[in-house]
Amino acid sequence: MPSMVSRCCYSNHALADLPASGIVDVPLAQTGEGIAECELLKWFVKEGDEIEEFQPLCAVQSDKATIEITSRYKGKVAQLLHAPGNIVKVGETLLKLVVGDSAVPTPSSDVLESVKPPGSENSPDSKLNKDTVGGVLATPTVRNLAKLYGINLYDVDATGKDGRVLKEDVLKYAVQKGAADGPSTASVSADCREQLLGEEETYPQTFAEVKWYPDDKTVPLRSVLYAMYGLWGFQRTMVKTMSMAAKIPHFHYVEEINCDALVKLKASFQNNNSDPNIKHTFLPSLIKSLSMAMSKYPFMNSCFNEESLEVILKGSHNIGIAMATQHGLAVPNIKNVQSLSILEITKELSRLQQLAKDNELNPADNSGGTITLSNIGAIGGKFGAPLLNLPEVAIIAMGRIEKVPRLSDDGNVYPSPIMTVNIGADHRVLDGATVAKFCNEWKQLIENPELLLLQMR
């Protein structure tokens, strides 16, 4: 089978007439400790652009953060070597620049959108090869859709400008192929397809019209997650860390906490709030009380070194908050909670939430966590069994606060706001008694928040 052209959206002939002496390779630099590769999110420049020193060239996403790559040189963009969505190794060349007086030919719009295999124009058999998608005008999203369906883009009738293949064209062909040949695409979920096609566009053909046959199809996890979220960085991290965490001997401890005092405390904060930019929630008080409880049980705030069989008791309480974003799961952490007030925690939490929403968390925000809170109650669940965020030894899932009936001492029924918490722990470091005592301490501080005043510095 002929080799596929990897740079599906950028010219690979842009340097044909350039002197080599004026060309500078711009590699992907080391973006953080332990980072070996990044996903290219988008380009800020195109071939032929004049650029200045320190001008942003592109945005990449590592396992931990989104980072802008800037230019060390002044010159012209000669060639972009990767398309958005590609995984680039550290040290690999991202693009080529021409510095000095060397001239750069400006590619036409067709060149930027279409690539042919090297030497195809001068070869005896210059006819387009049906197994090669390089010469088809199509966006990366359309190409991904075609791959998920196992469709050769050369077989699709293009209706877009200048012969561009559109999403509608691929869908129409999928319907026709389903009626005639029976595509083996049943393993691609409806949710995945909906995300891939975009939420704002509708098409005359629906997936219900396609005749799905019970054939198996192997789809790379990267393609599925890219279709669902549009990014691979955070999901790649989740795949790696959860695979490792599943091998750790976990145990879980479940408790119910009365949040009547917490509800009143939050209402008091909000009623006396004079800053319109601050929104008080339950979470900052839960974070602060968690830090207070960990001060009495320091092994909850530790990490385990499997190679040396050592437990490192962390001095700082860097409490990670699991955040579900449109880009996937992010777990930034609030640093030094033991030294922060509830108001300071509220502001820092708001900052991290906004950065996560905009996909702009930096490596410092995501690294150094010592324990994790997963607030599943914000979405709607009331119970969860979380897996550890290694190398941490504890993680806590908090369900939603809901009113349930309770009996008073005199036998009367009354409503009580109850939250269920589930503590997942590394059984190599923690035992059930330690976790139970820690949870009792945390529960007491939540149900009696006035006790926080006795220990606050």
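I'd like to verify a number: residues in the stretch 435-449 that are outside any loop (DSSP other than H, G, I, E, B) and either charged (D, E, K, R) or open to solvent by 40 Å² or more (accessible area, probe 1.4 Å) (or both), how many?
The qualifying residues number 6.
If only one of SER416, SER367, SER408 is more than 23 Å from HIS252 (Cβ to Cβ), of a type in the set (S, T, N, Q) and touching a Cys at 6+ places or on another chain (Cβ under 9 Å), which one is it?
Exactly one of SER416, SER367, SER408 is more than 23 Å from HIS252 (Cβ to Cβ), of a type in the set (S, T, N, Q) and touching a Cys at 6+ places or on another chain (Cβ under 9 Å), namely SER416.
Take the residues of the stretch 148-174 that are in a helix (DSSP H, G or I) and among the basic types (Lys, Arg): which is farthest from LEU137 (Cα to Cα)? Break it down stepwise before answering.
Residues of the stretch 148-174 in a helix (DSSP H, G or I): 148-149, 153-155, 161-163, 167-174.
From what is left, the residues that are among the basic types (Lys, Arg) are 161, 167, 172.
Working: LYS161: 9, LYS167: 12, LYS172: 17 Å.
So the residue we want is LYS172.
Against the condition without any contact (Cβ under 8 Å) to a residue 24 or more places away in the chain and open to solvent by less than 30 Å² (accessible area, probe 1.4 Å), how does GLY369 come out, does it pass?
For GLY369, the condition - without any contact (Cβ under 8 Å) to a residue 24 or more places away in the chain and open to solvent by less than 30 Å² (accessible area, probe 1.4 Å) - is not met.
Might you check whether a residue that is within 31 Å of the chain's Cα centre (by Cα), part of a helix (DSSP H, G or I) and over 23 Å from GLU447 (Cβ atoms) occurs anywhere in the stretch 274-283?
no
Given the residues LEU128, LEU166, LEU112, which is the only one that is among the aliphatic types (A, V, I, L, M), modelled with pLDDT under 70, open to solvent by 50 Å² or more (accessible area, probe 1.4 Å) and more than 30 Å from ASN366 (Cα to Cα)?
LEU128
Taking the stretch 340-366 as the search range and keeping residues that are among the aliphatic types (A, V, I, L, M) and not in a loop (DSSP other than H, G, I, E, B), which one is surrounded by the most Cβ atoms within 10 Å (Cβ to Cβ)?
Across the stretch 340-366, the extreme among qualifying residues is ALA356.
Okay, residues lined up against (1) more than 24 Å from the chain's Cα centre (by Cα); (2) under 29 Å from ALA356 (Cβ atoms); (3) among the aromatic types (Phe, Trp, Tyr):
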residue: PHE54; (1), (2), (3): yes, yes, yes
residue: GLN61; (1), (2), (3): no, yes, no
residue: GLU68; (1), (2), (3): no, yes, no
residue: ARG72; (1), (2), (3): yes, no, no
residue: ALA78; (1), (2), (3): yes, no, no
residue: GLU92; (1), (2), (3): no, yes, no
residue: VAL99; (1), (2), (3): yes, no, no
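Here is a list of conditions, (1) within 30 Å of LEU309 (Cα to Cα); (2) crowded, with 21+ Cβ neighbours inside 10 Å; (3) touching a helix residue (DSSP H, G or I) at 6+ places or on another chain (Cβ under 9 Å); (4) in contact (Cβ under 8 Å) with a residue 60 or more places away in the chain, and ALA397 meets all of them except one; can you say which number that is?
(4)
Can you name the number of the only condition in (1) at pLDDT below 90; (2) within 22 Å of the chain's Cα centre (by Cα); (3) on the phi < 0 side of the Ramachandran plot that PHE44 fails?
(1)
Is there a residue being closer than 23 Å to ARG400 by Cβ, β-branched (Val, Ile, Thr) and either open to solvent by less than 40 Å² (accessible area, probe 1.4 Å) or not in a helix (DSSP H, G or I) (or both) anywhere in the stretch 247-256?
Looking through the stretch 247-256, at least one residue is closer than 23 Å to ARG400 by Cβ, β-branched (Val, Ile, Thr) and either open to solvent by less than 40 Å² (accessible area, probe 1.4 Å) or not in a helix (DSSP H, G or I) (or both).
For residues in the stretch 291-311 being assigned to a strand (DSSP E or B) and out of contact with any Phe, Trp or Tyr (no Cβ under 8 Å at 6 or more places or on another chain), which is most open to solvent (accessible area, probe 1.4 Å)?
ASN305
In the stretch 346-370, how many are within 22 Å of PRO391 (Cα to Cα) and among the polar types (S, T, N, Q)?
4
Among the residues of the stretch 422-430, is there at least one that is open to solvent by 30 Å² or more (accessible area, probe 1.4 Å) and either under 14 Å from MET292 (Cβ atoms) or free of Cβ contacts under 8 Å to residues at least 12 places away in the same chain (or both)?
Within the stretch 422-430, none of the residues are open to solvent by 30 Å² or more (accessible area, probe 1.4 Å) and either under 14 Å from MET292 (Cβ atoms) or free of Cβ contacts under 8 Å to residues at least 12 places away in the same chain (or both).
Filter the stretch 70-101 for residues that are within 12 Å of LEU57 (Cβ to Cβ) and out of contact with any Leu (no Cβ under 8 Å at 6 or more places or on another chain); which is surrounded by the fewest Cβ atoms within 10 Å (Cβ to Cβ)?
Looking at residues that are within 12 Å of LEU57 (Cβ to Cβ) and out of contact with any Leu (no Cβ under 8 Å at 6 or more places or on another chain), I get ARG72.
Given the structure, is LYS264 surrounded by fewer than 19 Cβ atoms within 10 Å (Cβ to Cβ) and charged (D, E, K, R)?
Numbers: surrounded by fewer than 19 Cβ atoms within 10 Å (Cβ to Cβ): yes; charged (D, E, K, R): yes.
In short, yes.
Part of a helix (DSSP H, G or I) and open to solvent by 40 Å² or more (accessible area, probe 1.4 Å) - does that describe any residue in the stretch 316-336?
no
The values are calculated or read from the model by the stated rules, or taken from the named source; none is laboratory data. Because the structure is predicted, anything quoted here is derived from the model rather than measured. For neighbour counting, all protein chains shown are included, and Cβ atoms are generated from backbone atoms with ideal geometry for every residue, glycine included. These accessible areas exclude ligands, DNA and RNA; they are computed on the full protein's heavy atoms, side chains included. Shrake-Rupley method; radii C 1.70, N 1.55, O 1.52, S 1.80 Å.
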